[in-house]
Amino acid sequence: MTQIMKPGALLVLGNGLLQFYDEYGKPYRDVNEGEEGFSWLQKWFMEVQNAYFRNNTTSFRAVDEYLNPHKYWHQWLESNPNFANVISWDMIVRLGNWSSETRDDIRIANDYCQSTVINLIKSFVPLLLTSGQPPELVEHWRMEATKELQELRLHSYGKWRWTWCIRTDCEWIPRYVDT
């Protein structure tokens, strides 16, 4: 990618985190159904994370880099002479429109984030099945997490990490990382 970017080009990276937050901005905890603070959405993504670890015999860092690349972008780009002016920031976004005080543009973004997470939930079904989870249980989790979002049972936020930087005008310098 670096080779095809013109000097001065802007690179923008964005990624949703696998942690979700309640309407007060507190992270949902990994607790059992029926316990205070339980969320099907958080349960689903904790199971996804656990499935990655079960399915991969690589190091914790390798799995973490795959699941949470946003944690490493800033460091990777800052250490790369092909990029400069690296900036990262987090954005908290409502999943759905559960507040009537929202401007139209923010309502559109909230709806988009809600539908994106619902589609993301569907995309992880094969991973959970190949990790050995029973199909009936996976379908139950998927249905409950989806309904929780669609019906706005809980007022939830998602966190997105954004990193941007500028392609430098230096000649392309190949980067190799030993694994």
Being in contact with a Ser or Thr (Cβ under 9 Å, 6 or more places away or on another chain), under 16 Å from PHE45 (Cα atoms) and of a type in the set (Lys, Arg) narrows it down to one residue among LYS122, LYS147; which is it? LYS122
Are any of the residues in segment 167-174 open to solvent by 50 Å² or more (accessible area, probe 1.4 Å), more than 30 Å from ILE4 (Cβ to Cβ) and not in a strand (DSSP E or B)? no
Of the candidates ASN85, ASN15, the one satisfying the condition of being open to solvent by 90 Å² or more (accessible area, probe 1.4 Å), closer than 28 Å to CYS165 by Cα and out of contact with any Ser or Thr (no Cβ under 8 Å at 6 or more places or on another chain) is ASN85
Being surrounded by 15 or more Cβ atoms within 10 Å (Cβ to Cβ), touching a helix residue (DSSP H, G or I) at 6+ places or on another chain (Cβ under 8 Å) and not in a loop (DSSP other than H, G, I, E, B): is that true of ARG161 here? yes
Which count do you get for residues in segment 122-138 that are open to solvent by less than 60 Å² (accessible area, probe 1.4 Å), over 18 Å from the mean Cα position of the chain (by Cα) and among the hydrophobic types (A, V, I, L, M, F, W, C)? 1
The correct count of residues that are touching a residue at least 24 places away in the same chain (Cβ under 8 Å) and either among the aliphatic types (A, V, I, L, M) or open to solvent by 90 Å² or more (accessible area, probe 1.4 Å) (or both) in segment 103-121 is 4
Complete set of residues in segment 139-154 that are surrounded by 16 or more Cβ atoms within 10 Å (Cβ to Cβ) and without any contact (Cβ under 8 Å) to a residue 40 or more places away in the chain: THR146
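The values are calculated or read from the model by the stated rules, or taken from the named source; none is laboratory data. On a predicted model such as this, the values are computed, not experimentally measured, just so you know. In this analysis, Cβ positions are derived from the backbone assuming ideal geometry, glycine residues included, and neighbour counts consider all displayed protein chains. Calculation scope for accessible area: heavy atoms of the full protein, side chains included, ligands and nucleic acids excluded. Shrake-Rupley method; radii C 1.70, N 1.55, O 1.52, S 1.80 Å.
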